[in-house]
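The next block holds one structure in the form of structure tokens; read it before the comments.
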């Protein structure tokens, strides 16, 4: 009941000077609106850029690196073990580039709880031939559906689809640069020559564009089986395993143990892309710093307007106190006004922020580098709106608290007598 | 049970700014139920200061203050606010209504704060008081849209809304023409008769004071005339 009365007084004060109320609320509106727009847009962009790396990069990349033997024969010979031995011109030993026992290893990893999925890969060095043109290139033989599921390959296939490749026995998804150089398009046949000189006719079922010219000029995707045939190898010939984990943070430790356990080279995503997190966190800091600055400015607006209001309302304060309202009641009246201004400004700011975000998310944004992005990326996250409300209420609370506290302390006698 | 509504015992007060001045000097007096008391004195005699001390709004004094045998001295500001709300009605020289509220809302406000009745009952009461003061037709008007004499009557209605034990007035007619002043006096007179309301009025209007039951005359912070013991 008491609170209702105070709310009513606060309401009357606010409604009797709509211009001031609106000005103060608009300060908060701009602060919150800008915050929402900034943070949605910035995190949208961040997610996009992170996604470029995170989506495409396997969390752990396993392969068999051909290196010279650690131990040379001379090391095994006891007679010279105390001598200083120099071996010139060490070469890697003759061995295959494939992963030994790849299929059991694939099974083992697929059954691991921490692993979201494993995509096997066969890399084949080839020449693309169309008419008189020959291009140096690389075919990645993949399980295309798994590759799409784990590494969003489909996002970068600008013509055709992963399913088209899955359904065809001798199809190929060529890089956009290759297609352009060969003047080939969807449905055309190109010939691929393997290092051993065998020629395979393949049908273009898709065109792939990563945005990086040096990849698009060289790389193509084909089915695992097709690639194994090009290389003249069997089913168990697999050169790389790309592992995606449920939890990215486990990548470094797991990479280490896998490398040790299976005697393979394992590269984890953190060591492959150490710099990308730095950029993300700095962009976030800038976003929040700008938003907080805007809200502080809005807070000063509220502080000023309430201060003026209290000067104007000295008489009212004295009457309220004389007729039995306590200092706390009076403070409450002005706090309510501040909080109302904050809340109204905040809600309007959230709406404006949302509308502007929607507008931005429909603004065309086309770039060669990101074939799947047609409009600006915007992150619509409810959390930002919650943060916005909390921010606005905290700012207005502090902006209102000082003037309201002064109103509480005003001595009614001085005012009642003073006139 | 005595019929003493308000009792001040040995009230003293000093102002320290700019120089120390003894405004109130060991003042004791009583106001009885249904009594119409006026305080007179020259400017600077301390009559307004005394009123604000006994009104509980000014708490910086020495001595003791009782309302209906309850000691008010030393109570917290919050408690004193409640005392003012429940037992004391105020009318000031300058009408002191909340300008953005309607006449009716101004009258209702102290009762809403008291919170003993529903808003409907309070509105009935408020309209009743406005009718009593001939202001019922102005109930819906904004408080800053009525004349000075009307404002003073609204202020009286507001002071009455919680059925106080005593009404305190600082120069209630000081800002009114003689016709309105006469009006206000008649209203006060009938209130003491009909409601057994005690009135403590600071005034320098001798005609007004002569009509009251008793005149407390003040000089240099002391009451020099007009005491009544029972």
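Rule-based calculations on the coordinates, nothing more; no lab input. Since this is a predicted model, take the numbers as computed values, not measurements. So basically every Cβ, Gly included, is an ideal-geometry build from the backbone, and we count neighbours across all protein chains shown.
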Taking the mean number of other Cβ atoms within 10 Å as a proxy for protection, how do you rank A:157-169, B:149-161 from highest to lowest? B:149-161, A:157-169
Quick note, chain B: a/c under 1.5 would make it rounded; otherwise a/b > b/c is prolate and the rest oblate (a ≥ b ≥ c, C-alpha gyration tensor); here it is prolate
Need one value for A:323-335: mean number of C-beta atoms belonging to other chains within 10 Å of its residues' C-beta atoms. 5
Protection proxy ranking, peptides B:122-128, B:79-85, A:231-237, average beta carbon neighbours within 10 Å, highest first: B:79-85, B:122-128, A:231-237
Neighbour counts of other C-beta atoms within 10 Å: give me A:62, B:199 arranged from fewest to most. B:199, A:62
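Nearest 5 percent is fine: what portion of the DSSP beta bridges confined to chain B is antiparallel?
On the way: 19 of 37 bridges.
If I count the DSSP bridges inside chain B, around 50 percent turn out antiparallel.
Which of the three applies to segment A:68-150, rounded, prolate or oblate, going by the alpha-carbon gyration tensor with a ≥ b ≥ c and a/c under 1.5 meaning rounded?
On the way: a/c = 4.64, a/b = 1.53, b/c = 3.04.
Verdict is oblate for segment A:68-150.
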Residue with peak Gaussian network fluctuation, chain A [Cα springs, cutoff 10 Å], from A:252, A:58, A:68: A:68
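Restricting to the protein assembly as shown, what percent of DSSP beta bridges are antiparallel, rounded to 5?
On the way: 59 of 87 bridges.
Here the antiparallel bridges make up roughly 70 percent for the protein assembly as shown.
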Per residue of B:103-112, other chain Cβ atoms within 10 Å number on average 3
Kindly express, to the nearest 10 degrees and within the range 0 to 90, the angle between helix A:2-16's C-alpha long axis and the longest C-alpha principal axis of chain A. 90
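Return a whole-number percent for the relative contact order of chain A, with Cα pairs under 8 Å and 6 or more residues apart as the contact set.
On the way: 682 pairs, mean separation 113.7, N = 419.
Contact order relative to length: 27 percent.
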Cβ neighbours within 10 Å, averaged per peptide: list A:406-415, A:284-293 in order, most packed at the top. A:406-415, A:284-293
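Treat the count of other C-beta atoms within 10 Å as a stand-in for reagent exposure and order A:260, B:16, B:129 from fewest to most.
Working: A:260 10, B:16 7, B:129 22.
By the 10 Å Cβ count, ascending, the order reads B:16, A:260, B:129.
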Tell me the angle of helix B:178-195 to the major Cα principal axis of chain B, expressed in degrees between 0 and 90 and rounded to the nearest ten. 80
Does anyone have the angle between helix B:119-132 and the longest principal axis of chain B? Alpha-carbon axes, 0 to 90°, nearest 10? 80
Bins of 20 Å, beginning at zero and ending with the bin holding the largest distance: percent of Cα pairs per bin for the protein assembly as shown, please. 15, 28, 17, 14, 15, 10, 1
Write down the Å³ per residue value for the convex hull defined by the alpha carbon atoms of segment A:120-219. 90
Would you mind pulling out the separation of the Cα centroids of segment B:50-97 and segment B:147-186, in Å? 19
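What percent do you get for the relative contact order of segment B:64-179 when only Cα pairs under 8 Å and 6+ apart count?
On the way: 155 pairs, mean separation 45.5, N = 116.
Relative contact order of segment B:64-179: 39 percent.
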Quick check: Cα centre of segment B:200-230 to Cα centre of segment A:375-419, how many Å? 49
Over segment A:84-145, calculate the relative contact order: mean separation of alpha carbon pairs under 8 Å at least 6 apart, over the residue count, as a percent. 22
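Take every DSSP beta bridge whose two residues both sit in segment B:147-230, then give the antiparallel share in percent to the nearest 5.
Working: 3 of 8 bridges.
Among the beta bridges of segment B:147-230, antiparallel pairing accounts for roughly 40 percent.
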Among B:78, A:331, which comes first, second and so on when ranked by fewest other beta-carbon atoms within 10 Å? B:78, A:331
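Let a ≥ b ≥ c be the square roots of the eigenvalues of the Cα gyration tensor of segment A:216-278; is it rounded (a/c under 1.5), or, if not, prolate (a/b larger than b/c) or oblate?
Numbers: a/c = 2.88, a/b = 1.59, b/c = 1.81.
Cα axes put segment A:216-278 in the oblate bin.
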